[in-house]
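Remarks on the structure that follows.
The values are calculated or read from the model by the stated rules, or taken from the named source; none is laboratory data. Keep in mind it's a predicted model, so treat the numbers as computed, not measured. Glycine gets a Cβ as well: all are built from the backbone with ideal geometry, and neighbour counts include every protein chain shown. Side chains are part of the model used for accessible areas, which takes the heavy atoms of the whole protein and leaves out ligands, DNA and RNA. Shrake-Rupley method; radii C 1.70, N 1.55, O 1.52, S 1.80 Å.
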Amino acid sequence: MAKSKSKDDKAAEMSTSPSPGAEATSIDPLASQAHCISKPASQLPRGFSIDAPKLPKEIEERAMRSGGYPYDKRMKKKEYEARLLALQIELIKLQKHNLKTGGRIVCLYEGRDGSGKGSCIKAFNQHMNPRNTRTVALTKPTETERGQLYFQRYAVHLPTAGEIVLFDRSWYNRAGVERVMGFCTGHQLAIFLREAPEFEGLLVRDGIRLFKFYLTIGREMQLERFFERRHDPLKQWKLSDIDYASLSKYDDYTLAEIEMFRFTHTVTAPWSVVRANDQRRARLETIRHVLLAVEYEGRDLSAIGEADPNIIFPPQQ
């Protein structure tokens, strides 16, 4: 008589196969470690020090085009402000319609450290009524929260009728930061990768409009932004111990990102990858994506414009 599988065997099995019915995208498979990535940390570029008085010229020159970014320069400020204003006017219409119809909208902003998640959220809710639009940015879990069902601390922040909730990082901490930094076990990671599509399916089937944005930036751009934060007294609060630790883990986060998409990019709750070397373009595209996806009273498609497929697109398959 065959022996039943142990919990560890089941966890390892879950970490290498998408869950049934999740309709996850198939991309180049990884040999899933189901724990913090064990490959050696990538080295920082030669001559780079975050404490140095000046950023190396080579990094500065390569920053904008790093990571295969399609544009040489940032969008001009005047053009950006005009487009942003048009989109923000549409957001007010969306909020009014959402309140009237009792809709519920959730936007998750995930991505690389320094990719501008906070600035995208700020551009989104800058002129929104704070009574109906909330930003959720949770700190590390308390002792009580660590003893709860993993999704429980996030579920309490989900919107009620008429609300829009923007998560500045979300339950995907487990597939990113916690995984790379070793803050979760292999068994916990395997369970998350299996259950995240099920949790999101529950939300969508209950009527929540769920948008998942993953902001990505090139290696040199990330170093430039970290360097700027380190030396700007008004931005130093943005640098945490985790940020410092992530400086040498760019490749580790890439591997975690690929596997996260493999398991959680589903038909029901798809990801949108956003190239964010130019924060202005990233802000416009994340807002535009929501406005194009939700029909609302008075929607002006000419004011919204068309998505830029060079900036926002589904994960590569």
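So G201 clears everything in (1) closer than 16 Å to F261 by Cα; (2) touching a helix residue (DSSP H, G or I) at 6+ places or on another chain (Cβ under 9 Å) except one condition, right? Which one?
G201 satisfies every listed condition except (2).
Here are some conditions: (1) in contact (Cβ under 8 Å) with a residue 60 or more places away in the chain; (2) within 30 Å of L91 (Cα to Cα); (3) in contact with a Phe, Trp or Tyr (Cβ under 9 Å, 6 or more places away or on another chain); (4) open to solvent by 40 Å² or more (accessible area, probe 1.4 Å). Y244 meets all but one. Which one does it not meet?
(2) is the only condition that Y244 fails.
Run I92 past the list (1) hydrophobic (A, V, I, L, M, F, W, C); (2) over 21 Å from R281 (Cβ atoms); (3) open to solvent by less than 40 Å² (accessible area, probe 1.4 Å) and report the number of the one that doesn't hold.
Here I92 meets the rest and fails (3).
Does D8 qualify as being modelled with pLDDT under 90, within 24 Å of the chain's Cα centre (by Cα) and charged (D, E, K, R)? First the steps, then the outcome.
Working: modelled with pLDDT under 90: yes; within 24 Å of the chain's Cα centre (by Cα): no; charged (D, E, K, R): yes.
Judged against the criteria, D8 is not a match.
Of all residues in region 58-75, how many are part of a helix (DSSP H, G or I), under 24 Å from the mean Cα position of the chain (by Cα) and surrounded by fewer than 16 Cβ atoms within 10 Å (Cβ to Cβ)?
1
For the condition in contact (Cβ under 8 Å) with a residue 12 or more places away in the chain and surrounded by 20 or more Cβ atoms within 10 Å (Cβ to Cβ), what is the one hit in R299, R288?
Values: R299 fails: surrounded by 20 or more Cβ atoms within 10 Å (Cβ to Cβ).
None of the other options fit; the residue is R288.
Show the residue pairs that are 6+ apart or on different chains and have beta-carbon atoms under 9 Å apart, the first residue being within region 248-271 and on the phi < 0 side of the Ramachandran plot and in a helix (DSSP H, G or I), the second being of a type in the set (S, T, Y) and open to solvent by less than 10 Å² (accessible area, probe 1.4 Å).
Qualifying pairs under 9 Å: D252/S246; Y253/S246; E259/S15; M260/Y172; F263/S15; T264/Y172.
For region 230-247, give me the residue count where each residue is of a type in the set (D, E, K, R), under 12 Å from G114 (Cβ atoms) and not in a helix (DSSP H, G or I). Full working, then the answer.
In the first step, residues of region 230-247 are kept if they are of a type in the set (D, E, K, R); the result is 230, 232, 235, 238, 241, 243.
From what's left, under 12 Å from G114 (Cβ atoms): 230, 235, 238, 243.
Now restrict to residues that are not in a helix (DSSP H, G or I): 235.
Residues meeting the conditions: 1.
Within region 142-156, does at least one residue satisfy the condition of being assigned to a loop (DSSP other than H, G, I, E, B), among the charged types (D, E, K, R) and open to solvent by 10 Å² or more (accessible area, probe 1.4 Å)? Even if it seems obvious, please write down each step before you answer.
Keep residues of region 142-156 that are assigned to a loop (DSSP other than H, G, I, E, B), which gives 142, 147-151, 156.
Among the residues that remain, those that are also among the charged types (D, E, K, R) are: none.
Within region 142-156, none of the residues are assigned to a loop (DSSP other than H, G, I, E, B), among the charged types (D, E, K, R) and open to solvent by 10 Å² or more (accessible area, probe 1.4 Å).
Cβ contacts < 7 Å: first residue within 22 Å of F167 (Cβ to Cβ) and among the charged types (D, E, K, R), restricted to region 86-106; second residue open to solvent by less than 10 Å² (accessible area, probe 1.4 Å) and in a helix (DSSP H, G or I), any location; separation 6+ or different chain. Result?
Sorted first by the residue in region 86-106, then by its partner, the pairs are E90/L291; E90/I304.
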